[in-house]
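Colleague: Can you read through this structure? Questions will come right after.
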Amino acid sequence: MKYQLTSEQISSKVGGETVVLNHSKGAYYGLDEVGVLIWDTLEKGPQTIESLCDAVTSAYNIDSDTCKSDIDGLLKDLIAERLVEIIK
Amino acid sequence: MRHYTAFGLHIHSEIPLPELAEGDPHSTADVCIRTGAIALPPMRPTMIYRRGIKAFFGQDDQASYLDWAGVASFKASGGNELLVSPVAADGNIISLFTVSEALGLILFQKGYFLLHASAVVLGDEAWCFMGMPGAGKSSTAAAFIKAGCRLLSDDLTAITFDEAGKPVVVPAYPQLKIWEKTVAGLRYDMSALEPVSEGVNKFAYQPREQFPTKVIPLKKVFFLHRARNKPAVQNLNMAEIPGEMLRNFPLPIELLKEDSLKKHFFQSLQCAKSAEILRKRRPEGFDNLEKWVETSVREQLIAE
(Lines give C-alpha, C1' and ligand atoms only; values in the text may rest on other atoms or scores of the structure.)
Protein backbone atom coordinates (compact mmCIF):
# COMPACT_ATOMS: atom_id res chain seq x y z
CA MET A 1 0.00 0.00 0.00
CA LYS A 2 1.34 3.40 -1.01
CA TYR A 3 0.40 7.00 -0.33
CA GLN A 4 0.43 9.82 -2.85
CA LEU A 5 -0.57 13.47 -3.10
CA THR A 6 -3.99 14.02 -4.69
CA SER A 7 -4.68 16.13 -7.76
CA GLU A 8 -6.88 18.37 -5.59
CA GLN A 9 -3.91 19.96 -3.83
CA ILE A 10 -1.13 22.38 -4.67
CA SER A 11 1.55 23.64 -2.33
CA SER A 12 4.12 26.37 -2.06
CA LYS A 13 7.18 26.90 0.12
CA VAL A 14 7.72 30.30 1.68
CA GLY A 15 10.58 31.00 4.07
CA GLY A 16 10.93 27.37 5.18
CA GLU A 17 7.19 26.91 5.64
CA THR A 18 4.96 24.87 3.36
CA VAL A 19 1.43 26.04 2.69
CA VAL A 20 -1.05 23.72 1.01
CA LEU A 21 -4.26 24.56 -0.83
CA ASN A 22 -7.06 22.11 -1.55
CA HIS A 23 -8.42 23.93 -4.57
CA SER A 24 -11.65 21.99 -4.90
CA LYS A 25 -12.55 22.86 -1.28
CA GLY A 26 -10.84 26.25 -1.19
CA ALA A 27 -9.17 25.30 2.12
CA TYR A 28 -5.64 26.18 3.21
CA TYR A 29 -3.27 24.28 5.47
CA GLY A 30 0.09 24.85 7.16
CA LEU A 31 2.46 21.97 7.97
CA ASP A 32 4.77 21.59 10.95
CA GLU A 33 8.45 20.58 10.61
CA VAL A 34 7.85 16.84 10.39
CA GLY A 35 4.81 17.47 8.20
CA VAL A 36 7.02 19.35 5.75
CA LEU A 37 9.51 16.47 5.66
CA ILE A 38 6.70 13.97 4.92
CA TRP A 39 5.23 16.30 2.31
CA ASP A 40 8.62 16.80 0.59
CA THR A 41 9.07 13.02 0.46
CA LEU A 42 5.58 12.51 -1.02
CA GLU A 43 6.34 15.15 -3.65
CA LYS A 44 9.07 12.82 -5.00
CA GLY A 45 6.39 10.19 -5.74
CA PRO A 46 4.17 7.57 -4.04
CA GLN A 47 5.62 6.26 -0.76
CA THR A 48 4.99 3.39 1.63
CA ILE A 49 4.64 4.16 5.32
CA GLU A 50 8.06 2.49 5.77
CA SER A 51 9.79 4.79 3.30
CA LEU A 52 8.19 7.83 4.96
CA CYS A 53 9.30 6.53 8.33
CA ASP A 54 12.87 6.10 7.02
CA ALA A 55 12.91 9.73 5.94
CA VAL A 56 11.85 10.86 9.42
CA THR A 57 14.08 8.55 11.47
CA SER A 58 17.13 9.59 9.45
CA ALA A 59 16.46 13.23 10.31
CA TYR A 60 15.12 12.90 13.89
CA ASN A 61 16.17 10.86 16.87
CA ILE A 62 12.98 8.83 17.23
CA ASP A 63 12.30 5.07 17.41
CA SER A 64 10.58 3.62 14.39
CA ASP A 65 7.42 2.41 16.23
CA THR A 66 6.62 5.85 17.63
CA CYS A 67 7.50 7.34 14.26
CA LYS A 68 5.15 5.00 12.41
CA SER A 69 2.19 5.75 14.66
CA ASP A 70 2.83 9.52 14.38
CA ILE A 71 3.02 9.32 10.60
CA ASP A 72 -0.07 7.15 10.50
CA GLY A 73 -1.97 9.88 12.40
CA LEU A 74 -0.73 12.59 10.05
CA LEU A 75 -1.59 10.55 6.94
CA LYS A 76 -5.12 9.96 8.28
CA ASP A 77 -5.53 13.76 8.66
CA LEU A 78 -4.15 14.40 5.18
CA ILE A 79 -6.44 11.75 3.69
CA ALA A 80 -9.46 13.21 5.51
CA GLU A 81 -8.67 16.58 3.91
CA ARG A 82 -8.25 14.95 0.46
CA LEU A 83 -4.62 16.05 0.23
CA VAL A 84 -3.28 12.49 0.20
CA GLU A 85 -4.79 9.27 -1.17
CA ILE A 86 -3.99 5.56 -0.95
CA ILE A 87 -2.95 3.57 -4.01
CA LYS A 88 -2.43 -0.17 -4.22
CA MET B 1 -14.20 59.48 -26.72
CA ARG B 2 -12.68 60.56 -23.43
CA HIS B 3 -9.16 59.58 -22.40
CA TYR B 4 -8.03 58.60 -18.92
CA THR B 5 -5.33 56.72 -17.09
CA ALA B 6 -5.98 54.43 -14.13
CA PHE B 7 -4.21 51.35 -12.78
CA GLY B 8 -1.38 52.01 -15.25
CA LEU B 9 -3.77 51.62 -18.21
CA HIS B 10 -4.81 53.94 -21.00
CA ILE B 11 -8.58 54.01 -20.90
CA HIS B 12 -10.73 55.32 -23.73
CA SER B 13 -14.30 55.82 -22.64
CA GLU B 14 -17.61 56.86 -24.15
CA ILE B 15 -18.84 57.91 -20.71
CA PRO B 16 -17.22 60.55 -18.46
CA LEU B 17 -15.26 59.11 -15.54
CA PRO B 18 -14.38 62.23 -13.55
CA GLU B 19 -12.59 60.33 -10.75
CA LEU B 20 -9.84 59.19 -13.09
CA ALA B 21 -6.72 61.10 -14.13
CA GLU B 22 -6.80 62.69 -17.59
CA GLY B 23 -5.07 60.57 -20.23
CA ASP B 24 -3.22 61.10 -23.47
CA PRO B 25 -5.65 61.32 -26.46
CA HIS B 26 -2.91 59.91 -28.74
CA SER B 27 -2.34 56.82 -26.60
CA THR B 28 -3.34 53.37 -27.80
CA ALA B 29 -6.22 52.15 -25.65
CA ASP B 30 -5.50 49.33 -23.19
CA VAL B 31 -9.17 49.34 -22.20
CA CYS B 32 -12.21 50.57 -24.14
CA ILE B 33 -15.36 51.49 -22.26
CA ARG B 34 -18.48 51.69 -24.41
CA THR B 35 -22.21 51.88 -23.83
CA GLY B 36 -24.72 49.47 -25.31
CA ALA B 37 -27.34 46.85 -24.61
CA ILE B 38 -26.23 43.77 -22.68
CA ALA B 39 -27.88 40.32 -22.79
CA LEU B 40 -27.22 38.95 -19.31
CA PRO B 41 -26.60 35.23 -18.73
CA PRO B 42 -28.20 33.65 -15.60
CA MET B 43 -27.17 35.91 -12.70
CA ARG B 44 -26.58 35.04 -9.05
CA PRO B 45 -26.58 37.33 -6.01
CA THR B 46 -23.16 38.24 -4.53
CA MET B 47 -22.08 39.55 -1.14
CA ILE B 48 -21.03 42.82 -2.76
CA TYR B 49 -22.99 45.97 -1.98
CA ARG B 50 -22.51 49.49 -3.23
CA ARG B 51 -24.78 52.35 -2.15
CA GLY B 52 -26.86 49.69 -0.43
CA ILE B 53 -27.51 47.82 -3.69
CA LYS B 54 -26.57 44.16 -3.98
CA ALA B 55 -24.55 43.16 -7.03
CA PHE B 56 -25.58 40.18 -9.17
CA PHE B 57 -22.91 38.30 -11.08
CA GLY B 58 -22.78 35.94 -14.03
CA GLN B 59 -20.29 34.41 -16.46
CA ASP B 60 -20.29 32.78 -19.87
CA ASP B 61 -17.55 31.61 -22.26
CA GLN B 62 -16.65 35.07 -23.38
CA ALA B 63 -17.26 37.49 -20.51
CA SER B 64 -18.07 38.30 -16.88
CA TYR B 65 -21.18 40.29 -16.03
CA LEU B 66 -22.28 42.51 -13.14
CA ASP B 67 -25.77 43.85 -12.63
CA TRP B 68 -26.78 46.49 -10.09
CA ALA B 69 -30.57 46.94 -10.03
CA GLY B 70 -31.58 50.46 -10.96
CA VAL B 71 -28.00 51.54 -11.71
CA ALA B 72 -26.33 49.70 -14.59
CA SER B 73 -25.15 46.38 -15.90
CA PHE B 74 -21.65 45.66 -17.12
CA LYS B 75 -19.98 43.16 -19.43
CA ALA B 76 -16.20 42.74 -19.15
CA SER B 77 -14.36 40.73 -21.77
CA GLY B 78 -10.80 39.98 -22.80
CA GLY B 79 -9.28 42.30 -20.22
CA ASN B 80 -9.81 45.20 -22.62
CA GLU B 81 -13.53 45.72 -23.33
CA LEU B 82 -16.02 47.02 -20.81
CA LEU B 83 -19.57 47.45 -22.00
CA VAL B 84 -21.86 49.59 -19.82
CA SER B 85 -25.63 49.55 -20.00
CA PRO B 86 -26.74 52.46 -17.79
CA VAL B 87 -30.12 52.57 -16.09
CA ALA B 88 -29.61 55.45 -13.64
CA ALA B 89 -29.65 58.92 -15.19
CA ASP B 90 -26.97 60.44 -12.93
CA GLY B 91 -23.60 60.23 -14.71
CA ASN B 92 -21.70 60.45 -11.41
CA ILE B 93 -23.41 57.30 -10.16
CA ILE B 94 -22.65 55.45 -13.40
CA SER B 95 -19.02 56.53 -13.10
CA LEU B 96 -18.81 55.42 -9.45
CA PHE B 97 -20.02 51.91 -10.36
CA THR B 98 -17.84 51.75 -13.49
CA VAL B 99 -14.52 52.53 -11.79
CA SER B 100 -15.08 50.09 -8.91
CA GLU B 101 -15.99 46.40 -9.36
CA ALA B 102 -16.70 46.65 -13.10
CA LEU B 103 -13.22 47.98 -13.86
CA GLY B 104 -12.00 45.41 -11.30
CA LEU B 105 -13.29 42.63 -13.60
CA ILE B 106 -11.06 43.97 -16.38
CA LEU B 107 -8.06 44.09 -14.02
CA PHE B 108 -8.80 40.53 -12.92
CA GLN B 109 -8.92 39.40 -16.56
CA LYS B 110 -5.55 41.07 -17.03
CA GLY B 111 -4.13 38.89 -14.25
CA TYR B 112 -3.67 41.56 -11.55
CA PHE B 113 -3.78 40.41 -7.93
CA LEU B 114 -6.69 42.36 -6.40
CA LEU B 115 -7.45 43.36 -2.84
CA HIS B 116 -10.29 45.23 -1.19
CA ALA B 117 -7.81 47.66 0.35
CA SER B 118 -6.42 51.19 0.41
CA ALA B 119 -2.72 51.85 -0.18
CA VAL B 120 -0.25 54.72 0.37
CA VAL B 121 3.43 55.39 -0.34
CA LEU B 122 5.88 55.80 2.59
CA GLY B 123 9.27 56.86 1.23
CA ASP B 124 9.76 54.23 -1.46
CA GLU B 125 7.44 51.60 0.02
CA ALA B 126 3.80 50.79 -0.62
CA TRP B 127 1.75 50.04 2.50
CA CYS B 128 -1.63 48.47 2.13
CA PHE B 129 -4.60 48.50 4.57
CA MET B 130 -7.39 45.94 4.65
CA GLY B 131 -10.23 45.09 6.96
CA MET B 132 -13.93 44.61 7.31
CA PRO B 133 -16.07 47.67 6.55
CA GLY B 134 -15.64 50.03 9.49
CA ALA B 135 -12.20 48.68 10.45
CA GLY B 136 -10.67 51.93 9.20
CA LYS B 137 -9.02 51.35 5.81
CA SER B 138 -9.75 54.76 4.36
CA SER B 139 -9.30 56.63 7.66
CA THR B 140 -5.88 55.03 8.11
CA ALA B 141 -4.92 55.98 4.56
CA ALA B 142 -6.24 59.50 5.23
CA ALA B 143 -4.02 59.80 8.32
CA PHE B 144 -0.92 58.73 6.35
CA ILE B 145 -1.75 61.24 3.62
CA LYS B 146 -2.14 64.02 6.15
CA ALA B 147 1.36 63.10 7.39
CA GLY B 148 2.75 63.70 3.89
CA CYS B 149 2.44 60.28 2.25
CA ARG B 150 1.05 59.90 -1.25
CA LEU B 151 -2.13 57.99 -2.12
CA LEU B 152 -1.93 54.87 -4.33
CA SER B 153 -5.44 53.47 -4.14
CA ASP B 154 -8.67 53.50 -2.21
CA ASP B 155 -11.06 50.56 -1.91
CA LEU B 156 -9.64 48.61 -4.88
CA THR B 157 -5.90 47.85 -4.85
CA ALA B 158 -4.19 46.19 -7.82
CA ILE B 159 -0.87 44.40 -7.44
CA THR B 160 1.37 43.04 -10.19
CA PHE B 161 4.78 41.37 -10.06
CA ASP B 162 7.97 42.82 -11.52
CA GLU B 163 10.61 40.90 -13.55
CA ALA B 164 12.16 39.66 -10.31
CA GLY B 165 8.75 38.38 -9.14
CA LYS B 166 8.46 41.10 -6.46
CA PRO B 167 4.96 42.48 -5.76
CA VAL B 168 4.32 46.10 -6.77
CA VAL B 169 1.23 48.24 -6.24
CA VAL B 170 -0.16 49.93 -9.35
CA PRO B 171 -1.36 53.52 -8.71
CA ALA B 172 -5.15 53.39 -9.11
CA TYR B 173 -6.62 56.91 -9.46
CA PRO B 174 -6.39 60.07 -7.39
CA GLN B 175 -9.36 59.76 -5.09
CA LEU B 176 -9.70 58.87 -1.44
CA LYS B 177 -13.17 58.83 0.07
CA ILE B 178 -13.36 59.79 3.72
CA TRP B 179 -16.13 59.93 6.26
CA GLU B 180 -17.21 63.29 7.60
CA LYS B 181 -16.12 62.29 11.11
CA THR B 182 -12.66 61.39 9.78
CA VAL B 183 -12.47 64.77 8.04
CA ALA B 184 -13.16 66.40 11.42
CA GLY B 185 -11.07 63.96 13.49
CA LEU B 186 -7.97 64.42 11.35
CA ARG B 187 -8.70 68.15 10.89
CA TYR B 188 -8.66 67.96 7.09
CA ASP B 189 -9.21 71.24 5.28
CA MET B 190 -12.84 70.97 4.13
CA SER B 191 -12.31 73.49 1.33
CA ALA B 192 -9.86 71.05 -0.33
CA LEU B 193 -12.47 68.25 -0.45
CA GLU B 194 -15.30 67.40 -2.83
CA PRO B 195 -18.62 65.91 -1.75
CA VAL B 196 -19.27 62.47 -3.30
CA SER B 197 -22.42 60.84 -4.55
CA GLU B 198 -21.82 57.72 -2.45
CA GLY B 199 -23.50 58.38 0.88
CA VAL B 200 -24.14 61.87 2.20
CA ASN B 201 -21.46 61.84 4.89
CA LYS B 202 -18.53 61.14 2.59
CA PHE B 203 -16.04 63.48 1.00
CA ALA B 204 -13.39 62.99 -1.64
CA TYR B 205 -9.75 64.01 -1.43
CA GLN B 206 -8.38 64.19 -4.97
CA PRO B 207 -4.57 64.58 -5.08
CA ARG B 208 -4.33 65.01 -8.86
CA GLU B 209 -0.96 66.79 -8.84
CA GLN B 210 1.10 64.50 -6.59
CA PHE B 211 -0.39 61.23 -7.80
CA PRO B 212 2.28 58.56 -8.48
CA THR B 213 2.68 57.42 -12.08
CA LYS B 214 4.97 54.44 -11.42
CA VAL B 215 4.43 51.17 -9.58
CA ILE B 216 5.68 51.05 -5.97
CA PRO B 217 7.14 47.94 -4.24
CA LEU B 218 4.71 46.39 -1.74
CA LYS B 219 6.39 46.19 1.67
CA LYS B 220 3.64 46.05 4.29
CA VAL B 221 0.12 44.69 4.37
CA PHE B 222 -2.07 45.37 7.41
CA PHE B 223 -5.25 43.50 8.23
CA LEU B 224 -6.95 46.07 10.46
CA HIS B 225 -9.39 45.04 13.16
CA ARG B 226 -10.93 46.51 16.31
CA ALA B 227 -10.94 43.38 18.52
CA ARG B 228 -9.58 44.13 22.01
CA ASN B 229 -9.00 40.44 22.74
CA LYS B 230 -6.39 40.10 19.98
CA PRO B 231 -2.79 41.39 20.24
CA ALA B 232 -2.19 45.01 19.13
CA VAL B 233 -0.02 43.74 16.30
CA GLN B 234 1.10 40.27 15.15
CA ASN B 235 2.60 38.62 12.09
CA LEU B 236 0.28 36.27 10.22
CA ASN B 237 1.26 32.62 9.88
CA MET B 238 2.12 31.72 6.31
CA ALA B 239 -0.80 29.27 6.16
CA GLU B 240 -3.28 32.01 7.13
CA ILE B 241 -2.20 34.41 4.40
CA PRO B 242 -3.91 33.00 1.27
CA GLY B 243 -7.21 32.65 3.16
CA GLU B 244 -7.04 36.20 4.54
CA MET B 245 -6.23 37.54 1.07
CA LEU B 246 -9.19 35.55 -0.29
CA ARG B 247 -11.51 37.09 2.31
CA ASN B 248 -10.43 40.50 1.00
CA PHE B 249 -10.94 39.63 -2.67
CA PRO B 250 -12.99 42.58 -3.97
CA LEU B 251 -14.92 40.75 -6.72
CA PRO B 252 -17.45 37.89 -6.76
CA ILE B 253 -15.77 34.84 -5.24
CA GLU B 254 -17.07 32.60 -8.08
CA LEU B 255 -14.22 34.03 -10.17
CA LEU B 256 -11.75 32.08 -8.05
CA LYS B 257 -12.13 28.46 -9.08
CA GLU B 258 -9.60 25.78 -9.97
CA ASP B 259 -6.87 27.50 -12.04
CA SER B 260 -7.75 31.03 -10.96
CA LEU B 261 -7.84 29.93 -7.30
CA LYS B 262 -4.41 28.30 -7.73
CA LYS B 263 -3.11 31.51 -9.25
CA HIS B 264 -4.55 33.54 -6.36
CA PHE B 265 -2.86 31.14 -3.89
CA PHE B 266 0.56 31.55 -5.51
CA GLN B 267 0.14 35.32 -5.87
CA SER B 268 -0.80 35.61 -2.16
CA LEU B 269 2.34 33.80 -1.10
CA GLN B 270 4.39 35.73 -3.65
CA CYS B 271 3.31 38.90 -1.79
CA ALA B 272 4.28 37.31 1.53
CA LYS B 273 7.82 36.62 0.28
CA SER B 274 8.59 40.34 -0.08
CA ALA B 275 6.11 42.11 2.19
CA GLU B 276 5.45 41.93 5.89
CA ILE B 277 1.88 40.72 6.48
CA LEU B 278 0.49 41.92 9.80
CA ARG B 279 -2.72 41.80 11.77
CA LYS B 280 -3.12 45.10 13.57
CA ARG B 281 -5.65 46.54 15.95
CA ARG B 282 -6.58 49.96 14.66
CA PRO B 283 -5.36 52.63 17.11
CA GLU B 284 -8.30 53.90 19.14
CA GLY B 285 -9.27 57.49 18.37
CA PHE B 286 -7.78 59.89 15.88
CA ASP B 287 -4.99 61.09 18.23
CA ASN B 288 -3.63 57.57 18.60
CA LEU B 289 -4.03 56.94 14.89
CA GLU B 290 -1.97 60.04 14.12
CA LYS B 291 0.67 59.05 16.70
CA TRP B 292 1.09 55.63 15.07
CA VAL B 293 1.30 57.25 11.64
CA GLU B 294 3.93 59.80 12.79
CA THR B 295 6.06 57.04 14.34
CA SER B 296 5.76 54.85 11.23
CA VAL B 297 6.70 57.70 8.89
CA ARG B 298 9.68 58.69 11.08
CA GLU B 299 10.97 55.11 11.36
CA GLN B 300 10.56 54.54 7.65
CA LEU B 301 12.57 57.69 6.85
CA ILE B 302 15.39 56.62 9.20
CA ALA B 303 15.45 53.12 7.67
CA GLU B 304 15.76 54.51 4.16
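The values are calculated or read from the model by the stated rules, or taken from the named source; none is laboratory data. Being a predicted model, the structure only gives us computed values, none of them experimental. Positions of Cβ are backbone-derived with ideal geometry, glycine not excepted, and every protein chain shown enters the neighbour counts.
Colleague: Can you tell me which residue among B:Gly148, B:Gly134 is closer than 19 Å to B:Thr213 by Cβ, assigned to a loop (DSSP other than H, G, I, E, B) and at pLDDT below 95? So that I can check it myself, show each step before the final result.
Modeller: Working: B:Gly134 fails: closer than 19 Å to B:Thr213 by Cβ.
Selected residue: B:Gly148, the only one of B:Gly148, B:Gly134 that is closer than 19 Å to B:Thr213 by Cβ, assigned to a loop (DSSP other than H, G, I, E, B) and at pLDDT below 95.
Colleague: For the range B:21-28, check the following and say yes or no: at least one residue is surrounded by 14 or more Cβ atoms within 10 Å (Cβ to Cβ) and not in a loop (DSSP other than H, G, I, E, B).
Modeller: yes
Colleague: Taking strands (runs of 3 or more DSSP E) that do not extend beyond the range B:35-106, which have at least 1 residues that are touching a strand residue (DSSP E or B) at 6+ places or on another chain (Cβ under 8 Å) and closer than 19 Å to B:Glu19 by Cα?
Modeller: B:44-50, B:72-77, B:81-86
Colleague: Of all residues in the range B:29-58, how many are surrounded by 13 or more Cβ atoms within 10 Å (Cβ to Cβ) and under 21 Å from B:His116 (Cα atoms)?
Modeller: So the answer is 10.
Colleague: Still on this structure: Please tell me if B:Lys273 is within 30 Å of B:Tyr65 (Cβ to Cβ) and over 19 Å from the mean Cα position of the chain (by Cα). Quick ask: steps written out before the conclusion?
Modeller: Details: within 30 Å of B:Tyr65 (Cβ to Cβ): no; over 19 Å from the mean Cα position of the chain (by Cα): yes.
Criteria not met by B:Lys273.
Colleague: Next up: Answer yes if at least one residue in the range B:70-77 is surrounded by fewer than 14 Cβ atoms within 10 Å (Cβ to Cβ), free of Cβ contacts under 8 Å to residues at least 12 places away in the same chain and not assigned by TED's automatic domain parsing to the domain that holds B:Ala158, and no otherwise.
Modeller: no
Colleague: State yes or no: is B:Ser260 surrounded by fewer than 16 Cβ atoms within 10 Å (Cβ to Cβ) and within 14 Å of chain A (Cβ to nearest Cβ)?
Modeller: Spelling it out, B:Ser260 is indeed surrounded by fewer than 16 Cβ atoms within 10 Å (Cβ to Cβ) and within 14 Å of chain A (Cβ to nearest Cβ).
Colleague: Here is a list: A:Thr18, A:Thr57. Which entry is over 19 Å from B:Phe265 (Cβ atoms) and either out of contact with any Pro (no Cβ under 6 Å at 6 or more places or on another chain) or assigned to a helix (DSSP H, G or I) (or both)?
Modeller: When all the criteria are applied, what remains is A:Thr57.
Colleague: Scan the range B:236-248 for residues that are outside any helix (DSSP H, G or I) and within 11 Å of chain A (Cβ to nearest Cβ) and jot them down.
Modeller: If we filter the range B:236-248 for residues that are outside any helix (DSSP H, G or I), which is where we start, we get B:236-237, B:248.
Across the range B:236-248, the qualifying residues are B:Leu236, B:Asn237.
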